[in-house]
Amino acid sequence: MTFSSPFRRAVLGATTALLLAATSALAMSQDRPDLVVGVADLPPTLEPGKELSNVGTRVNYSVFDTLIRRDFLSAEGAGGSALVPGLATEWTRLDSLTLEVKLRDDVRFHNGAPLTAEDVVFTFSPERLSGENAILPEGPAYFSVLAEVKAIDEHTVQFVTKAPDPLLEHRIASWASWIVNKADWEEKAATDGGIPMFPVGTGPYMLDEYKADQSIRLVAFDDYFDGKPTAASVTFREIPEPSTRVAGLVSGEFDIITNVAPDQIAQINSYDDIETRSVVLANSHVLAYGTQDPVIQDARIRQAMNLSIDRQLLNEALWGGQAVVPNGHQYPEFGEMYNPDHNGLEYNPERARELLAEAGYDGGLIKYTTQPNYYLNALPAAQAIIEMWKAVGLNVELNVVDNYSSLDMAALQVRTWSNSTRYPDPVGGLWNLWGPFGGPQRGVGNWANTENLDRFNELGRIIESNVELDVRQPAAFEMLELWEKDAPGTILYQPLETYGVSKDVNWQPYTFYYMDLRPYNLSFKD
């Protein structure tokens, strides 16, 4: 295996075991094709509770499994929310606080160890994931609701929450809930600086080779409980330049490419052997603001910034009108928790000018920081938004960086980000991402000490710990209003995610960044 130098010594101990497992898998997989996927970026680790990003979950989804699986194919458009068995065979609500889960007895991790209740308890433990001081700092955003996870017997686990949680089943079917092997995780943590780079999972593919900033190669795990994988291997290759990914798809170098721009769709579809497949993501491109920055500390200035953005124009110019501008930080999939009457994401440059005058904006410089390739159309969107801001009197400068890893995120005035809806409920969107355990409040510090922050957090605790609609609904609706009033950021649009795919590959993209390559969603034409 090839690793970047900071991690090399930490992972060499696992290399031999991984290569032996990979050799065995390949020997059983000679009749299957090798799938190659061209992507814009790759994750720096495969720890599934740490790398909670679009590029991370795309890869990790094939390496790890959840107890319950969200069946995206259960609804038209591959955005279904039906819950089906994963590593669990069944689950039962014993009372308002307790969910009992029965595990399959035929599941093995990639290192050969059987799945047991002990692994599940460890995965969700306060030390690793759910506690306020968890090793994985984003974990509490998903699982601070847990009071206890306990093993009843080798294949039975009970999840006990601190208060009634209407979304517990969705939580353990979604982000951060992928199951790891306790013994393997702890052994690797001892040499990897506390957090393993490459823990083993139970998924249909297992790690064979990791080349930092180049490629990740997975090989079929033929002991997979849900059927023999249909590809011998899957290689994700990092190709930042969109035109280079398209050229590789045309030449046959890649079987699938991600992040196809709308203006490339017609070109790809003009060939006989390749095509595009598109979905509107349950994800929004957003801007996050530094609310403590002296230039934009006044909420009226941030409100003016938001009112100055013509999102429909951005949609038409950048996405061919195929993106979606939602009605605020909410989505119809929330059902009764969605407010169709909410008047969010207004375009009103005249009101923006009035707010700037009221706030006494004196022309202070605002830097807009973005990465050129991480989010599709991020750079042209930034250039357009800057011109919209200048048109109402704001002094703005573009700051393009290769990545955010070396930056002080709390010092950024404006940065690009994205928000995926983890569960079909405001708890999985606005609260999960902007609440006390989300980046803007916790680590990055974009949102702090504003007028409405305490009330927002109070309401968020209500919606995550109540099951009564007449209590949850007004609280969620008020949260929407407070978020827009404090304006720690704004939504731009839900992007159109387009893949270029060889017509020989039968595969359906989902409304999440998950790339599901399990046998039921991946096959090949003869």
Q: Please give the strands (runs of 3 or more DSSP E) falling wholly within segment 101-218 in which 2 or more residues are under 22 Å from the mean Cα position of the chain (by Cα).
A: 205-211
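Conditions (1) modelled with pLDDT of 95 or more; (2) within 30 Å of the chain's Cα centre (by Cα); (3) under 26 Å from A448 (Cβ atoms), marked per residue:
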{"position": "H329", "(1), (2), (3)": "yes, yes, yes"}
{"position": "A359", "(1), (2), (3)": "yes, no, yes"}
{"position": "I366", "(1), (2), (3)": "yes, yes, yes"}
{"position": "Q371", "(1), (2), (3)": "no, yes, yes"}
{"position": "L376", "(1), (2), (3)": "no, yes, no"}
{"position": "Q383", "(1), (2), (3)": "yes, yes, no"}
{"position": "E387", "(1), (2), (3)": "yes, yes, no"}
{"position": "N399", "(1), (2), (3)": "yes, yes, yes"}
Q. Looking at segment 227-247, which of its residues are at pLDDT 95 or above and open to solvent by 60 Å² or more (accessible area, probe 1.4 Å)?
A. K228, R237, T244
Q: Run F456 past the list (1) under 21 Å from the mean Cα position of the chain (by Cα); (2) open to solvent by less than 10 Å² (accessible area, probe 1.4 Å); (3) not β-branched (V, I, T) and report the number of the one that doesn't hold.
A: (1)
Q: Can you confirm whether segment 104-116 contains a residue that is among the aliphatic types (A, V, I, L, M), open to solvent by less than 40 Å² (accessible area, probe 1.4 Å) and over 27 Å from I216 (Cβ atoms)?
A: no
Q: Give me a count of the residues in segment 149-185 that are open to solvent by 40 Å² or more (accessible area, probe 1.4 Å) and either out of contact with any helix residue (DSSP H, G or I) (no Cβ under 8 Å at 6 or more places or on another chain) or among the hydroxyl-bearing types (S, T, Y) (or both).
A: 3
Q. Which ones in segment 68-103 are buried (at least 21 other Cβ atoms within 10 Å of the Cβ) and either out of contact with any strand residue (DSSP E or B) (no Cβ under 8 Å at 6 or more places or on another chain) or without any contact (Cβ under 8 Å) to a residue 60 or more places away in the chain (or both)?
A. F72, A88, L103
Q. Could you list, in sequence order, the residues of segment 30-67 that are over 14 Å from M206 (Cα atoms), open to solvent by less than 10 Å² (accessible area, probe 1.4 Å) and touching a helix residue (DSSP H, G or I) at 6+ places or on another chain (Cβ under 6 Å)?
A. G38, P43, G49
(Q) Could you list, ordered by first residue, the pairs with Cβ atoms under 7 Å in which the first is in segment 193-212 and more than 9 Å from H110 (Cα to Cα) and open to solvent by 10 Å² or more (accessible area, probe 1.4 Å) and the second is assigned to a strand (DSSP E or B) and charged (D, E, K, R), at least 6 apart or interchain? (A) D208/R217; E209/R217
Q: Please determine, by comparing only the residues of segment 453-496 that are among the polar types (S, T, N, Q) and part of a helix (DSSP H, G or I), which one is farthest from N377 (Cα to Cα).
A: Q473
Q. Quick check, is Y224 in a loop (DSSP other than H, G, I, E, B), hydroxyl-bearing (S, T, Y) and either in contact (Cβ under 8 Å) with a residue 12 or more places away in the chain or closer than 30 Å to D408 by Cβ (or both)?
A. yes
Q: Identify all residues within segment 497-519 that are under 18 Å from A232 (Cβ atoms), out of contact with any helix residue (DSSP H, G or I) (no Cβ under 9 Å at 6 or more places or on another chain) and in a strand (DSSP E or B); write none if there are none.
A: V505
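The values are calculated or read from the model by the stated rules, or taken from the named source; none is laboratory data. If you're wondering where the values come from, they're calculated on a predicted model, not measured in any experiment. Note: ideal-geometry Cβ built from the backbone for every residue, glycine included; neighbour counts use all protein chains shown. To get the accessible areas, we keep the full protein, side chains included, count just its heavy atoms, and leave off ligands, DNA and RNA. Shrake-Rupley method; radii C 1.70, N 1.55, O 1.52, S 1.80 Å.
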